[in-house]
Amino acid sequence: MPIDINNLYSQITQLSPQIVQEESDFTRRLEAALDLAKSQNSNNNFNLLQKKLKLHRHEYQWTAPDLTAPFTTSYNPSQPPNDFIVLSVDGSQIEPDRDSPADCFLVNTGEVVIQYGTSPQASLSNTPYLFWGDYKNTQNDQGYLDPDIHADSSIIAAIRDTYEIKAMTRLVSNLPSNMPSLGILDGSLSQWKTTSQNSRIQNILLTDYLEALEELKELASTKNLVIVSYISAPATKESINALRIDSCPFSEPKCKEHCSDLPALSRPCDIVAKVRDRDVFQSLLKEGQRSALFNTRSTTMDHYGSHTVSYFYMKTKDEIVRIEIPNWSTSSLDLAHNLVWNQIDLGNGYPVALHEAHEQAVIRSSDRNSFWRIIDNMDGNNLIDQGLSRKNIAKKRRKV
Amino acid sequence: MIKDYRVKILRKNEGKFNKLNKPNRVAEIVESSSLTFKAQTDDLYTSPSMGSLVSTTENNIMTLALVEYIETNSIDPGRIAIAQDKTFTSSEEIYSNHPELHSLLRTIFFARVIGHINKDVFYPNLPEIPPKIHSLVQQCDSHILKKVAESKTIIANIVQAKTMSGDDFIVASLKTLSLSSTDQEEYLINCGRVLVELLYTEQQRLNLILAKLNPQQS
């Protein structure tokens, strides 16, 4: 039945004055954050903050990065090389259907290679991977988990991340050694965190991912290549947390000791609460510019070793994006910046190659229906014998 | 280089790899019926011109058709082509900066079936069975063109066909057939005489077609 719009409308109108007040509050906090960011222009302030962040890391509760330069540092893009290649990979998935007799799921990777310059050409393709039974991949026998564990969406997303890295490695393996190249992935470079509490599953998933990253790293070292991931309109507050530490009135920012009794939004550092990284850099950067590099200290990277990432922010035509780059690729920062900007420019605000990789990867509802039809009809047409639930049968035979 | 990717992708499927070496191949059929077939060209914008004589062969029956309509559009019907950056000053610049367009767009043509050849004899009627989807399409050589051009009923067949390009299909097809003659002008004059007989009740239409056949005298 349609939603009760009248009921909903009265609730929405009550929201309006609250939104206005929140906007005013947010403006105040953003101004405070910008003041703190601009105060970094003084070498002394910057050095003090760097030191504060490092020395007291185990005493403050906020995840803040290591700084390499003041917040207000910006870099303009340069012209890309005459000839270069852009690789991009994106992935999608079909999750298990609880009502289907077949316990399987699918990961699909979209793979794009575009060469620019004197010999422009492109290759667009996608590769599906079917996981079945004990989740051994049907094609190359990888990804074994545990037959008693049902693969939920977070596990599948983690597996998908690994296969995206593997797909990128395949593309990189065919790159000419000397041509400047960019490999761009969608989302964060840290693997999707599974919600499973099973530590064995967590270890297997992470181990597979790190092994894939290691293979990519080794291959990348033989090419003129930089690997990045692209996050559109990021919601993170990681860099802002550094400003929190900067705003802390105590010489030693010991959160538990000084502020554990204070409610949220009343601590001194809450002057910048609710402000996201992108809100600050929206004001600090001009179109095409990138920020300084930040070295993440997020605990999600604890086991990543040399694959720990750094990141910077870029301003596109109409948004701030976060570019993550593994530490083994940061020597090619300028190449990353220039080629990402080139892609954004060609794509009218979003990287062309990433967009096409997404189009290759995406599984439309018609494809999804075809997939389940093939699976369900695999062993014949008798739906009951196949163990299809009544719910599934009812879904397939829609009637009035 | 990128060509390696293409070759590697193609080599996964032997049938596709062979297309690189297929002589005279211009397209592959993607829709087929008794009256027409739709074919996708191997490369963007490489369709035979309108009115060209093309063929496809299955079980020793060569189906002959005249190209009636050509179109280039997005491979994915859910994605449409939109204007690119205004700073580009030519289409060459656009394609050079967007090589992916060659993979996202396709050129197709529709061809009107006008007969078939069986054991080297041209029959000006539809083959019993239309060609299969994924049959390969070739452009016809002068030997086949001559057989078709000499058919007494070919002009009537062309005029009776209701095509998307209307009378321009008639003009283009007759010009193609005239290439088989050593005296093209004479051939077209003879075509004009036949058109007068066929279209004597449609004077305006007839005049228009004749004018298009011979623009110098219009």
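The values are calculated or read from the model by the stated rules, or taken from the named source; none is laboratory data. Since this is a predicted model, take the numbers as computed values, not measurements. Here Cβ is always computed from backbone atoms with ideal geometry, including for glycine, and neighbour counts include all displayed protein chains. Note: accessible area is taken over every heavy atom of the protein model, side chains too, but ligands, DNA and RNA are not part of it. Shrake-Rupley method; radii C 1.70, N 1.55, O 1.52, S 1.80 Å.
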Q.
Of the conditions (1) modelled with pLDDT under 90; (2) open to solvent by 50 Å² or more (accessible area, probe 1.4 Å); (3) within 20 Å of A:Ser188 (Cβ to Cβ), A:Ala264 satisfies every one except a single condition; which number is it?
A. (3)
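Quick one: which residue in A:Ser306, A:Ser331 is at negative phi, over 19 Å from the mean Cα position of the chain (by Cα), of a type in the set (S, T, N, Q) and surrounded by fewer than 19 Cβ atoms within 10 Å (Cβ to Cβ)? Step through it out loud before you land on a result.
Numbers: A:Ser306 fails: over 19 Å from the mean Cα position of the chain (by Cα).
On inspection, the qualifying residue turns out to be A:Ser331.
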(Q) Step by step: first the residues of the range A:157-178, then only those that are at pLDDT 95 or above and among the aliphatic types (A, V, I, L, M), then the one that is nearest to A:Pro80 (Cα to Cα). Which residue is that? (A) A:Leu175
Q: Taking the options A:Asn7, A:Asn47, name whichever one is out of contact with any strand residue (DSSP E or B) (no Cβ under 8 Å at 6 or more places or on another chain), among the polar types (S, T, N, Q) and under 20 Å from A:Leu243 (Cβ atoms).
A: A:Asn47
Q) Which one is farthest from the chain's Cα centre (by Cα), of the residues in the range A:14-37 that are open to solvent by 70 Å² or more (accessible area, probe 1.4 Å) and either acidic (Asp, Glu) or more than 29 Å from A:Asp277 (Cβ to Cβ) (or both)? A) A:Gln14
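Among the residues of the range A:343-359, are any within 14 Å of chain B (Cβ to nearest Cβ) and at positive phi?
Narrowing the range A:343-359 to residues within 14 Å of chain B (Cβ to nearest Cβ): A:343-359.
Now drop any that are not at positive phi, which leaves A:348-349.
Yes, the range A:343-359 contains at least one residue that is within 14 Å of chain B (Cβ to nearest Cβ) and at positive phi.
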Q) In the set A:Lys286, A:Lys315, which member is more than 14 Å from chain B (Cβ to nearest Cβ), of a type in the set (Lys, Arg) and surrounded by 22 or more Cβ atoms within 10 Å (Cβ to Cβ)? A) A:Lys315
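Please work out if A:Ala233 is at pLDDT 90 or above and at positive phi.
Values: at pLDDT 90 or above: yes; at positive phi: yes.
Yes.
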Q: Identify, by number, the condition in (1) assigned to a loop (DSSP other than H, G, I, E, B); (2) of a type outside the set (Phe, Trp, Tyr); (3) farther than 24 Å from A:Ser39 by Cα; (4) open to solvent by 50 Å² or more (accessible area, probe 1.4 Å) that A:Lys223 doesn't meet.
A: (4)
Q: Return the total of residues in the range B:180-197 being exposed (fewer than 15 other Cβ atoms within 10 Å of the Cβ) and among the hydrophobic types (A, V, I, L, M, F, W, C).
A: 2
Q: For residues that are within 19 Å of A:Glu22 (Cβ to Cβ) and more than 20 Å from the chain's Cα centre (by Cα), tally how many sit in the range A:233-266.
A: 4
Q: Tell me which residues, restricted to the range A:101-126, are open to solvent by 30 Å² or more (accessible area, probe 1.4 Å), more than 7 Å from every other protein chain (Cβ to nearest Cβ) and more than 20 Å from A:Leu225 (Cα to Cα).
A: A:Pro101, A:Asp103, A:Asn126
Q | Residue list for the range B:145-178, filter: within 15 Å of B:Gly51 (Cα to Cα), touching a Phe, Trp or Tyr at 6+ places or on another chain (Cβ under 9 Å) and open to solvent by 20 Å² or more (accessible area, probe 1.4 Å) | A | B:Ala161, B:Thr163, B:Met164, B:Ser165
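Restricting attention to the range B:153-164, report how many residues are outside any helix (DSSP H, G or I) and touching a residue at least 12 places away in the same chain (Cβ under 8 Å). Before the answer, list the steps.
First, pick out the residues of the range B:153-164 that are outside any helix (DSSP H, G or I): B:153, B:161-164.
Keeping just the survivors that are touching a residue at least 12 places away in the same chain (Cβ under 8 Å) gives B:153, B:161, B:163-164.
Total satisfying the criteria: 4.
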Q: Enumerate the strands (runs of 3 or more DSSP E) found wholly within the range B:83-142, keeping only those where 3 or more residues are surrounded by 15 or more Cβ atoms within 10 Å (Cβ to Cβ), touching a Phe, Trp or Tyr at 6+ places or on another chain (Cβ under 7 Å) and at negative phi.
A: B:105-118
Q: Of the numbered conditions (1) open to solvent by less than 90 Å² (accessible area, probe 1.4 Å); (2) part of a helix (DSSP H, G or I), A:Arg57 fails exactly one; give the number of that condition.
A: (2)
